[in-house]
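Any read-out appearing in this document is the output of simple, stated calculations on the displayed coordinates, not a laboratory observation. These numbers come from a predicted model, not from an experiment. Every residue, glycine among them, receives a Cβ derived from its backbone with ideal geometry; neighbour counts consider all protein chains shown.
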Amino acid sequence: MQVSIRTTQNVFIDQDKAGVGHRILAMLIDLTIMIMASVGIGALLTLTTFDAVWIQTLFYFPIFFYHLYMEILNNGQSVGKMVVGIKVVRLDGTPPTIGGYIMRWILSPLDLMLSGSVAIISIGLTEHGQRLGDLAAGTTVIKLKRTKNVSRLQLVEKMDEDYEPQFPEVKALSDTDVALIKECLQVKAKHANLTPVQLVAAKVKETLNIESELQPVAFLYTILRDHTYYTTR
């Protein structure tokens, strides 16, 4: 099952939804970490002289807020999500906000009611596989794929009807130029080699006399989308 994520360039990207099984497995991994941390903190406190309950309680705060700060600091992934290969994303393509993460965390007790049945039912019934916290935050959880970046080259064909090109200068590009751009992006996706992309992006800007603050990868994908727009209209 897939979910369409609308990017900030007004392009829809199909991502695989994280299944209930993947989300449960990630939760169990995180729960194991939290239990082990609790046991360790408890053992540490037996060796200290902190008698006040409120002081002892402070030691457990990192566990209590575990999911919240992990997702905020680690771009939508807890340790369990990293191991399983899933991630929290927003449906509109923008990065999840701190407020969104907080909303997911606040509503997590409701999702876990009836042994998690509330979350399972919500994920199963909603179009984008969202639990209550996701619905409130405008997020969902997707399954990551290392090969996904390569397939992004095909996404230039899947533009919204209201897509507005940014660089009309791309009309001057030849088929050979476009093929070279795609090849460089494939090299970047497969081998994490950014050098060809940087060189080609600089050459395209120079040749077409374009000024842009977009990063090289984002710039070249925009160039491809604009080229597709003008060649298919």
Inset, instruction - For residue 169 and residue 186, calculate 0.36 nm times their separation in residues minus their Cα-Cα distance, and state this gained length in nm to one decimal. - result: 3.8 nm
Legend entry - Stretch gain in nm, segment residue 73-residue 176, where the contour uses 0.36 nm per residue and the Cα spacing is subtracted: 32.9 nm
Inset, instruction - Mind listing the long-range amide H neighbours of residue 17? Cut-off is under 5 Å, sequence gap 5 or more, other chains count too, H placed in the peptide plane at 1.01 Å from N. - result: 2, 3, 143
Legend entry - Extended-chain gain in nm, criterion 0.36 nm per residue less alpha-carbon gap, residue 60 and residue 106: 14.8 nm
Legend entry - Cα→Cβ-extended label distance, 7 Å offset, between residue 46 and residue 31, nm: 2.5 nm
Inset, instruction - For residue 87, enumerate residues with amide H under 5 Å from its amide H, sequence gap 5+ or separate chain, H modeled in the peptide plane. - result: 142, 144
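Going by average Cβ neighbours within 10 Å, how do the peptides 50-57, 103-110 rank, with the highest at the top?
The peptides rank, most packed first, as 103-110, 50-57.
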Inset, instruction - Find the Cα radius of gyration of the range 2-143, compare it with 2.2 N^0.38 Å by division, and give the number to two decimals. - result: 1.17
Legend entry - the range 206-233 and the range 93-148: distance between their alpha carbon centers, rounded to Å: 34 Å
